[in-house]
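The values are calculated or read from the model by the stated rules, or taken from the named source; none is laboratory data. In this text the structure is predicted, and so the values were computed from the model without any measurement. Reconstructed Cβ throughout: ideal geometry from the backbone, glycine too, with neighbour counts over all protein chains shown.
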Amino acid sequence: MAEYAIEIEKLVKKFGDLTAVNEISLKIKKGEIFGMLGPNGAGKTTTINLVLGLIKPTSGKILVNGLDIKKEGEAIKQQLGLMTQETVVEGELTAYQNLEIFAQLYHVPLDEQPKRIKEALEESELTSFANKKAGTFSGGMKRRLELVKSMIQHPSILILDEPTTGLDIQNRQNMWKHIRELNKLGVTIILTTQYLEEADALCGRIAIIDHGKIKAMGTVSELKRVIGSGRILEIVPEAHTDVPAIVAILKTAFKLRPEVKNDKVTAIVEVGNEERVMSKLLAALNRKKIKIASLGMHMPTLDDVFIALTGASTRDTTHSDTSSRMDSMMRGMSGRG
Ligand SMILES: Nc1ncnc2c1ncn2[C@@H]1O[C@H](COP(=O)(O)OP(=O)(O)OP(=O)(O)O)[C@@H](O)[C@H]1O
Ligand SMILES: [Mg+2]
């Protein structure tokens, strides 16, 4: 028996000039909940489509439960369940009929089908809606139906492409509960998400992906260590504040490396220096009459790691600063994951 559910080695996918997946290598152990975290266009769905054999890689290797997808695509198909990024329940069909179609598609034996469908309806808390048209369901109900639909052939690996994007917090947490329950039954789960909070809540390990590359990989606490023992300084400017002026002060007077995202300025500050930086910074801002809404210091969150590694805002601001910092962080992280 293979130790790993998925092994990906130097996977590359090009669409013309665009390299959507750029030498991704990772191993996912059986029973893990593994997260692929990345912004729009990072290459998450493309990686998933490659693992599912829906598209062919430009180069690289993929093993599913030890089987090479190039040679054993058919055998692998039964072992993988997929919940796609877009909701695809058939609105004109009932919940029951939606599940039935999938059971047939995945060749669930006819005499087994009613039992599987009953279970799926129970798991998704949709038993009393079995004969209602799926088109009338709320977003959360549709996603739950999709989740159990993707499990109808009892795959050992379940791939969830942004399972909660677009859901409100209540439906999101409900979806998390169902994902955890499936995992407890022994299902290996790979999910993609744009939500740091979701990766933090669900995943044992996370790969942070941007521009088709893995920027960092590890447990949440390992990733947080990327920031070292630092604390995060966070400045929220007022509406018409001169943000570049704040950035300049942090760079020149404090030798920090600030990032700007969602109109907030953050920077990593070494432990022990917090109070000195805070008081001096307040004085400097006052002197220059720069108005701010708030100034604070917090322990690093996965969000901060994400900003530090992807330079999330650097797509629309400068790039060089972040990439040099990322290089030094990646050196610090090497050997992990
Ligand atoms: N069939 C295709 N032909 C050309 N380019 C493609 C194709 N599929 C994806 N891309 C491009 O590859 C890159 C990665 O896309 P992908 O859909 O994998 O990103 P993603 O991480 O899933 O993003 P999102 O969070 O928006 O779903 C994007 O720049 C996208 O435009
Ligand atoms: Mg996607």
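Restricting Val187, Val148 to those that are under 22 Å from Gln113 (Cα atoms) and surrounded by fewer than 21 Cβ atoms within 10 Å (Cβ to Cβ) reduces the list to Val187.
Considering segment 63-92, the residues that are of a type in the set (A, V, I, L, M) and touching a helix residue (DSSP H, G or I) at 6+ places or on another chain (Cβ under 6 Å) include one that is nearest to ligand 2 (Cβ to nearest atom), namely Met83.
Only one of the listed residues (Ile246, Ile190) is β-branched (Val, Ile, Thr), closer than 24 Å to Thr310 by Cα and in contact with a Phe, Trp or Tyr (Cβ under 6 Å, 6 or more places away or on another chain). That residue is Ile190.
Within segment 40-66, the set of residues being over 19 Å from Glu23 (Cβ atoms) and in contact (Cβ under 8 Å) with a residue 40 or more places away in the chain comprises Asn40, Leu52, Val64, Asn65, Gly66.
The rows are residues; the columns are (1) touching a residue at least 40 places away in the same chain (Cβ under 8 Å); (2) under 17 Å from Ser138 (Cβ atoms).
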site: Ala95; (1), (2): yes, yes
site: Ala103; (1), (2): yes, no
site: Pro109; (1), (2): no, no
site: Ile117; (1), (2): no, no
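Whether a residue is assigned to a strand (DSSP E or B) and touching a Leu at 6+ places or on another chain (Cβ under 6 Å) was assessed, and Ile190 does not pass this test.
For segment 224-268, a residue qualifies if it is part of a helix (DSSP H, G or I) and modelled with pLDDT of 90 or more, and the qualifying residues are Val243, Pro244, Ala245, Ile246, Val247, Ala248, Ile249, Leu250, Lys251, Thr252. Of all residues in segment 43-65, exactly one satisfies the criterion of being under 18 Å from Leu82 (Cβ atoms), touching a Lys or Arg at 6+ places or on another chain (Cβ under 6 Å) and more than 10 Å from ligand 1 (Cβ to nearest atom), namely Pro57.
Residue by residue, here is whether (1) of a type in the set (Phe, Trp, Tyr); (2) within 16 Å of ligand 2 (Cβ to nearest atom); (3) crowded, with 19+ Cβ neighbours inside 10 Å holds:
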site	(1), (2), (3)
Ala2	no, no, no
Ala20	no, yes, yes
Ser25	no, no, no
Ile33	no, no, yes
Leu37	no, yes, yes
Thr47	no, yes, yes
Thr58	no, no, no
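Looking across segment 156-169, the residues that are modelled with pLDDT under 90 and away from ligand 1 (no atom under 16 Å from the Cβ) come down to Asp168, Ile169. Scanning segment 14-42 for residues that are more than 15 Å from Leu191 (Cβ to Cβ) and near ligand 1 (Cβ under 8 Å from one of its atoms) yields a count of 8. Looking across segment 193-218 at every residue that is more than 13 Å from the chain's Cα centre (by Cα) and not in a strand (DSSP E or B), the one that is surrounded by the most Cβ atoms within 10 Å (Cβ to Cβ) is identified as Gly212.
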